[in-house]
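Here the structure is laid out as structure tokens; the discussion comes afterwards.
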12 protein chains.
Amino acid sequence: MPGVHKKIEIVGTSPLSFSDAVKKAVAEASKSIRHLEWFEVKEERGRIRDGEVAEFQVTILIGFKLEHDPGHS
Amino acid sequence: MPGVHKKIEIVGTSPLSFSDAVKKAVAEASKSIRHLEWFEVKEERGRIRDGEVAEFQVTILIGFKLEHDPGHS
Amino acid sequence: MPGVHKKIEIVGTSPLSFSDAVKKAVAEASKSIRHLEWFEVKEERGRIRDGEVAEFQVTILIGFKLEHDPGHS
Amino acid sequence: MPGVHKKIEIVGTSPLSFSDAVKKAVAEASKSIRHLEWFEVKEERGRIRDGEVAEFQVTILIGFKLEHDPGHS
Amino acid sequence: MPGVHKKIEIVGTSPLSFSDAVKKAVAEASKSIRHLEWFEVKEERGRIRDGEVAEFQVTILIGFKLEHDPGHS
Amino acid sequence: MPGVHKKIEIVGTSPLSFSDAVKKAVAEASKSIRHLEWFEVKEERGRIRDGEVAEFQVTILIGFKLEHDPGHS
Amino acid sequence: MPGVHKKIEIVGTSPLSFSDAVKKAVAEASKSIRHLEWFEVKEERGRIRDGEVAEFQVTILIGFKLEHDPGHS
Amino acid sequence: MPGVHKKIEIVGTSPLSFSDAVKKAVAEASKSIRHLEWFEVKEERGRIRDGEVAEFQVTILIGFKLEHDPGHS
Amino acid sequence: MPGVHKKIEIVGTSPLSFSDAVKKAVAEASKSIRHLEWFEVKEERGRIRDGEVAEFQVTILIGFKLEHDPGHS
Amino acid sequence: MPGVHKKIEIVGTSPLSFSDAVKKAVAEASKSIRHLEWFEVKEERGRIRDGEVAEFQVTILIGFKLEHDPGHS
Amino acid sequence: MPGVHKKIEIVGTSPLSFSDAVKKAVAEASKSIRHLEWFEVKEERGRIRDGEVAEFQVTILIGFKLEHDPGHS
Amino acid sequence: MPGVHKKIEIVGTSPLSFSDAVKKAVAEASKSIRHLEWFEVKEERGRIRDGEVAEFQVTILIGFKLEHDPGHS
């Protein structure tokens, strides 16, 4: 990965699984940032409602190549 | 989350996945504690048998609101 | 501190400060457990509402001497 | 917190206390970002001048809901 | 270890060694909880008196199988 | 687990989920090492392509009983 | 450092050394953000090709003073 | 901060707050060391008496410029 | 320690103490690897049976000088 | 422990055990510092010679009350 | 990086710099293992002699693709 | 390293590289302490000025043998 990259920290959620929450986070980030290359899981948590898991939450760092403006990503 | 909460540490297991192991842990804890609100994944491990994953084990902290007796939860 | 002690994990909240949130957590725990001796800060977080800090949240471990029944504290 | 959130890392300062430094950081961030929801303390440091604490510095992660453009927050 | 387990955090002390402090903690916990299965060392500290080690203190997490009531262990 | 064990560090990948990546890693390791007993998740990452998760990567430590030659496992 | 600062996470690369990779990351970030003040090394990795180090990669947090718009940096 | 600095580890206490405990630690250290420049919080704990927080304890690293004799500071 | 070294991760067990478990691990590793030089404790755990410590388990990293073949150690 | 304390970092060694290495470190430190109150284990390592543990090494932080001169302890 | 990879832990040394020590470690490992792909720095230490740095030591994890036999790498 | 050692925490700086900053720290410490034996890197940071790295800062722990007076080193 030559060049300079930036990482941003995103939290995805899913009622299904941690892996699905990661997919949700990546899909949302890709709407506004191009060239996403990798992610790193930093934290896994979730919400409970009525005694059952209602939501899996995964905090990931997403890395992408800086093109013009690191401040604006 | 105003008020005082307590966290307990529970290990759930599942032959299917880490996410399913979390569900098992939460379901079991909810049998005796009311008002479970969130969980935090602390550790993911597992057991291997005959060269295959036999069991996913997830240690989670479960948070719930203290009502009357923090010592007894 | 001769003898055997137990630590439980409590989350206190306060609109004022982290230190006040600790006091709240200790005060609540002392309602049902005797002989609390020390606390250790594990995590500091909080909730934001309308662009301002609405709540300081502090997770602490509280240590106390075991007397008869470690399971029930 | 359904949906996708982002966390940014902000350092607040105050001559008074760590809790006040958090308030300063949140207030500043709220000037340009809507829907701030929570913060997590990551580091507490400070500057000393003439043998006295001159400034409390707190690094926090601030979480908020992504609306249109994760790259631009 | 199929099923759901719980971990509690216990501090054992001994004038002899860290290993003996672990034994003390486990022996005390077993008085009121059945089915203790494993322990994990989390912290080792101690007290000094008159320039000599007076007490080894070991904080351990003890895991045991949940039977009926996770809240009450 | 009496006796002496060794842990090796393996990275499994899967297009499906973290749990599947663990299964892949264990299956591959079991081709050349006997008596695999447990695994511990150390890191979860992944690769992104065209704005979607292309690969879940899980680094695990795999523990197995040493028989004759710790150096050669 | 009175006032409020922000930290962003940048990965620099260099075929020469870790220190040079840091310089590359800072130089790139300074193209679009003013008032960079300090950096903190978070991770050092690299890529290997043909049995030799092909690239040193350093992840750093870069701190700078917030002026108008924390969301856009 | 050109030149070489040293850090020492000090524990301050206060019945009021963590921030006040930091001030106490810095004030005491400044009695015998010149040129204290910064501090870093490493640990926050405290003592409980009669069910209330009796003492906030903060362990900080204090940095100062080495002048003549690093061993004697 | 000029030259290149390798570290492997070994788990030793003992019914007596953590220190004895380390000795067991080192003795076993030395049967097949020459030039062991140092160890680093990474984790201390254990098994409980009938309410008593049945086994101390210590995970250590063992360092030794690479001679001909790093892959085969 | 009202008042201000200092912690220093000492490495003790012993051919016997980790606990004995701690005793050695404390005994040596007490020769020149009064009022040692507690220690915290930070790291456990050791040296191997001829395939056997030759030396247990324990790094501890030792806390003691500051009296006149924090710089000179 | 589809497929299964393994990581081994190697310590490189150099009288010049940390970056050079990494190069030494990678070069040595590549003598007996094919397809080395990346490294991760885990620890940086060194030896001092006559009041000067005599040796930079870097512990790295080296990742490579498993081909036939994970146990023998 | 039989005997008892002490570690002190020193921050070296250099406009050139992290490795040079370590050399500066060791050289300064050796002016007043004899028998320095090893160092451990704890933190790498730096200062930025005019969009370029102005200073590499490395915090190291330096270990040396205690001779007469641990308090005075």
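Scanning segment D:8-63 for residues that are of a type in the set (Phe, Trp, Tyr), in contact with a helix residue (DSSP H, G or I) (Cβ under 6 Å, 6 or more places away or on another chain) and in a strand (DSSP E or B) gives a single hit, D:Phe56.
Here H:Thr59 meets the list (1) modelled with pLDDT under 95; (2) open to solvent by less than 40 Å² (accessible area, probe 1.4 Å) almost entirely, failing just condition (1). Residues of segment E:21-50 that are within 22 Å of J:Leu61 (Cβ to Cβ) and open to solvent by 30 Å² or more (accessible area, probe 1.4 Å): E:Val41, E:Lys42, E:Glu43, E:Arg45, E:Arg47, E:Arg49, E:Asp50.
Selection within segment J:39-64: residues that are under 19 Å from J:Pro15 (Cβ atoms) and in contact with a Leu (Cβ under 8 Å, 6 or more places away or on another chain). The member of this set that is farthest from the other protein chains (Cβ to nearest Cβ) is J:Phe56.
Among residues that are within 23 Å of K:Thr13 (Cβ to Cβ) and surrounded by 21 or more Cβ atoms within 10 Å (Cβ to Cβ), I:Val11 is not included. Scanning segment E:1-38 for residues that are basic (Lys, Arg), farther than 17 Å from I:Arg49 by Cβ and facing chain I (nearest Cβ under 8 Å) yields a count of 0.
The values are calculated or read from the model by the stated rules, or taken from the named source; none is laboratory data. Please read these numbers as outputs of a predicted model, since none were measured by experiment. With ideal geometry, Cβ positions are generated from the backbone for all residues, glycine too; neighbour counts draw on all protein chains shown. What goes into the accessible areas is simple: the full protein's heavy atoms, side chains included, and nothing from ligands, DNA or RNA. Shrake-Rupley method; radii C 1.70, N 1.55, O 1.52, S 1.80 Å.
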